[in-house]
Amino acid sequence: MLQMVGYNTTQIGVVFALAPLMRFIVPFLFLKHIKLTKKVFHLALILILFSSILFFFTIDNFYLFMIPNLIIGGSMGLVLPYIETYAMESLGKKRFGKSRLYGSLGFMALGIVLARVLNSYIIGLNFYLVFAITMLIFGLAITYNNRDFIHKTKKEGSEKFELKKVAFLWISLFFMQISFGGFYNFFTIYETQRGISLEMVSYLWAFGVICEMIFFYFQAPLLKLNLLKILKFSVFITMIRWFLLFLFPESLAISFISQSLHAISFALHHTVAISYLYTVYQNRKLAIQFYYGFSFGLGGFMGSLCAGYFYGDYLFLYATSMAFISFIFLFKVPSVK
């Protein structure tokens, strides 16, 4: 869409960096000054809709376009932790993964449909606006006359939230997401430059999402085990995944194997990380806010910048080293069940 408007790669990179930065900053505002309540959740949904409308009026101006992107980044940093905490509390760890796979379904549906009809950036903006309206409606419907959103438990507010409680886990999450920078931003370019067709790369992306969805559905028994050991396992597999792409960059078979590991390096790691934080912290909404802030926020931002700097034949060797650092820090994290 932004290429259609005329944005260069640097401008597009800046736009994509705004949301992760806001996801990192927002949790600190809630550490002492604000609480993630139902009213704040509703306000965030309304701001997302408002920003979606602003897109139509600002997309032609790079600097003005930064404003709604900043607002959406901050708002998503509120909506996602709020709804994920509610899902975990309502469904429990066993069923949480199954609910999470609907995000994967939405990702695939959008990719398939929008890719076929996107011949103007206005079409993309219309899609975004419709989804923002739909998300607002369902967000209001979920919280309307729902006792879980009316009565705040004393347990959640009784504990002083301290990042240093599991400081090494936060560092691990940060480096884990940095390792994904090369994959999220350059995987398509990396593969096509090594002889794999663009169409086949699209199949690789779809295959990874399908594996992710299957794992989300069947991963519940693993959550009964030692969460820290499972977290270590998922990061170790991520190291193997990136190293395979480095060793065999032109192998289509290895690329498919690597994509199958997305089920563990993303689906399993994501669910186990949230489950661990849910167990350790009483203020779970804030814990999940910081999870998104440190991993997808600051980690995503730094991962994008570093991947651009290290892009080349050694991109996924660098990614392997970042995952290795994440793995090492997990040995300093206390174990929970």
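Brief remarks on what is shown
- Count of residues meeting criterion [over 17 Å from L330 (Cβ atoms) and hydroxyl-bearing (S, T, Y)] in the stretch 244-283: 6
- The listed residues are L261, L223, L305, L252, and the only one of them that is closer than 20 Å to F24 by Cα and hydrophobic (A, V, I, L, M, F, W, C) turns out to be L305.
- In this structure, L118 qualifies as surrounded by fewer than 16 Cβ atoms within 10 Å (Cβ to Cβ), farther than 27 Å from A220 by Cβ, touching a Gly at 6+ places or on another chain (Cβ under 7 Å) and among the aliphatic types (A, V, I, L, M).
- Taking (1) of a type in the set (A, V, I, L, M); (2) exposed (fewer than 15 other Cβ atoms within 10 Å of the Cβ); (3) closer than 24 Å to G103 by Cα in turn, L225 satisfies each apart from (3).
- Matching residues, the stretch 299-319, being at pLDDT 90 or above and under 19 Å from the mean Cα position of the chain (by Cα): G299, A319
- Of S260, S251, all but one fail to be assigned by TED's automatic domain parsing to the domain that holds W170, small (G, A, S), at pLDDT 90 or above and over 22 Å from the mean Cα position of the chain (by Cα); the exception is S251.
- Of the set (1) at pLDDT below 90; (2) out of contact with any Leu (no Cβ under 9 Å at 6 or more places or on another chain), all apply to I288 but (2).
Residue-wise test of (1) under 24 Å from the mean Cα position of the chain (by Cα); (2) assigned by TED's automatic domain parsing to the domain that holds S321; (3) modelled with pLDDT of 80 or more.
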position: G106; (1), (2), (3): yes, no, yes
position: S120; (1), (2), (3): no, no, yes
position: F127; (1), (2), (3): yes, no, yes
position: I137; (1), (2), (3): yes, no, yes
position: N146; (1), (2), (3): no, no, no
position: N185; (1), (2), (3): yes, yes, no
position: E199; (1), (2), (3): no, yes, no
position: A206; (1), (2), (3): yes, yes, yes
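- Selection status of F96, at pLDDT below 80, farther than 28 Å from S265 by Cβ, surrounded by 15 or more Cβ atoms within 10 Å (Cβ to Cβ) and in contact with a helix residue (DSSP H, G or I) (Cβ under 7 Å, 6 or more places away or on another chain): no
- Residue satisfying all of: in the stretch 25-58; among the β-branched types (V, I, T) and modelled with pLDDT of 95 or more; farthest from Y292 (Cα to Cα) among these: T58
- Within the stretch 248-256, one or more residues are over 25 Å from E84 (Cα atoms), of a type in the set (S, T, N, Q) and either in contact (Cβ under 8 Å) with a residue 12 or more places away in the chain or crowded, with 17+ Cβ neighbours inside 10 Å (or both).
The values are calculated or read from the model by the stated rules, or taken from the named source; none is laboratory data. Keep in mind the model is a prediction, meaning the values are calculated, not measured. For neighbour counting, all protein chains shown are included, and Cβ atoms are generated from backbone atoms with ideal geometry for every residue, glycine included.
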